[in-house]
1. Quick check: Cα centre of the stretch 91-170 to Cα centre of the stretch 21-48, how many Å?
2. Sort the following peptides by mean Cβ neighbour count (other Cβ atoms within 10 Å, averaged over residues), highest first: 153-159, 137-143.
3. Could you pull out every residue, at least 5 positions away or on a different chain, whose amide H is within less than 5 Å of the one on VAL38? Hs are placed 1.01 Å off N in the peptide plane, and Pro or chain starts have none.
4. Residues in the stretch 132-161 near a label at ALA15, defined as backbone nitrogen under 16 Å from the 7 Å Cα→Cβ point?
5. For the stretch 110-120, take each phi angle, set θ = phi - 60°, evaluate the Karplus expression 6.51 cos²θ - 1.76 cosθ + 1.60, and give the result in whole Hz per residue in order, putting x for glycine and proline.
6. What number comes out for accessible area per residue over the stretch 16-170 if the probe is 1.4 Å? Units Å², please.
7. What distance in nm separates the simple spin-label points at ALA158 and GLU65, each placed 7 Å from Cα in the Cβ direction?
8. If packing is taken as the average number of other Cβ atoms within 10 Å across a peptide's residues, how do 51-58, 70-77 rank, most packed first?
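The values are calculated or read from the model by the stated rules, or taken from the named source; none is laboratory data. For clarity, every value in this text was computed on a predicted model and none was experimentally measured. Cβ coordinates were reconstructed from backbone atoms using ideal geometry, including for glycine residues, and neighbour counts include every protein chain displayed. With ligands, DNA and RNA removed, areas are computed over all heavy atoms of the protein, side chains included. Shrake-Rupley method; radii C 1.70, N 1.55, O 1.52, S 1.80 Å.
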Amino acid sequence: MRLLQRLLGRNDRGAAPLLYQAVVAEGRRPHWYQAGEVPDTIDGRFDMIAAVLAMVLLRLEAEPEGAAPNAALAECFIHDMDGQLREIGIGDIVVGKHIGRMMGMLGGRLGAYRSGLAAGSLGDALVRNVYRGHAPALDALAHVEAGLLTLRDRLAAAPLASIVAGELPA
């Protein structure tokens, strides 16, 4: 079966698709867009999902056993973004360029959130990456920052095995 999957270009991502679905569900929760004033647009949803995904990827990279699940989760992101781009009408010829840009954006966000967490505040990174340079009301920014920090803390307290199994801690 693995040989057939390899020949067909399919990777066995284990439970990563389940974890990715949980990331997307978290990133689409209405409170981010209502209380957090994240724009409820294609870009805003991408930005919020990328912020949640970044918290999960940062947790996975914290342990050596998280490297393979981290890569599998990134593959799920790429697969989803490819499908989303095609669904909105982006043609085959330029999908790869868009995916490359999106991966670069995710990488930039990982760096920005990693730095923000180390400095004790995600505020600047959120304004730049979720609000695309247009600062929202202070309470909205505080809501998103608190939500992501709570997620980060829940992820840190959760066993890696449960996260890898596709469960975001509640």
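1. The two parts, judged by their Cα centres, are 11 Å apart.
2. On the way: 153-159: 12.9, 137-143: 14.4.
Ranked by mean Cβ neighbours within 10 Å, highest first: 137-143, 153-159.
3. Sorted by chain and number, the residues that satisfy this are TYR33.
4. So the set is 155-161.
5. 4, x, 5, 6, 4, 5, x, 5, 5, 7, x
6. Numbers: 7500 Å² over 155 residues.
Per residue, the stretch 16-170 has 48 Å² of solvent-accessible surface.
7. 1.5
8. Values: 51-58: 23.6, 70-77: 19.6.
My ranking of the peptides, most packed first, is 51-58, 70-77.
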